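Only the coordinates and a few stated rules stand behind these numbers; no lab work does. Here the structure is a predicted model, which is why all the values come from computation and not from measurement.
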Amino acid sequence: MFTSRSASSAAPAVPSAPASVRMRRARGLAVAVLLLGALSVSCGASDPKDDGAAAGSGVSATPSAAATQGATPTPAPSEGGGTDVPETGEATPSPTESEPVSLVRDAFAGLQATLNDSCTPSNCAYFLGRVYDELHRLNRAMKADPKGPGHFPEPIQHIAKLDEELGGDRSFENLKKHQPLLLGTRDKINTWMQGHPDDYR
């Protein structure tokens, strides 16, 4: 009688690989991982051909610090469509307008200093021009005085009359033509100011 093999009998066992074979496989796997890592790093680097092309064209990828510092900023466009150009300064005022307003006593002292001078051939133009300038310096000081121009009614009126006669012409020829009126205005104002010292001291 024949005996059949039981279905539950175990299959023949597969012989395991020797230890030396397993070590070689592990080493091969480690080398493969290292190679893959090196390849991924090299792929992320810039292509040397691109670098050579950029160097050959003379164009730098990033501007140098010197070029950035020396560059002039472009004006930003304004809302109207133009560009906002920075202002370089206001128009130059005339010397008389740019001169700060003096105190009345200082301006009067300047006018008094002309009493010691006269219209000689060598300095007549300077002298008459100085008298004119000192009168108008005093005029501005009186009008700007904290006490108000009402403290100096006659001097202001005398200078207004002088200006009306001169017609805004400060040339030497016109001042010479009106020399008696110019010096007379100075003398009248000097007399008035000497009689009203409390109004300007």
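What to note about this one:
- Expressed per residue, the C-alpha convex hull volume of region 118-188 stands at 78 Å³.
- Shown in residue order for region 146-159 are the 3J(HN,Hα) couplings computed by the Karplus curve 6.51 cos²θ - 1.76 cosθ + 1.60 at θ = phi - 60°: x, 6, x, x, x, 7, 10, x, 5, x, 5, 5, 5, 5 Hz (x for Gly and Pro).
- A straight Cα-to-Cα reach below 22 Å connects K188 with the lysines K143, K147, K161, K176, K177, residues fewer than 8 places away in its own chain not being considered.
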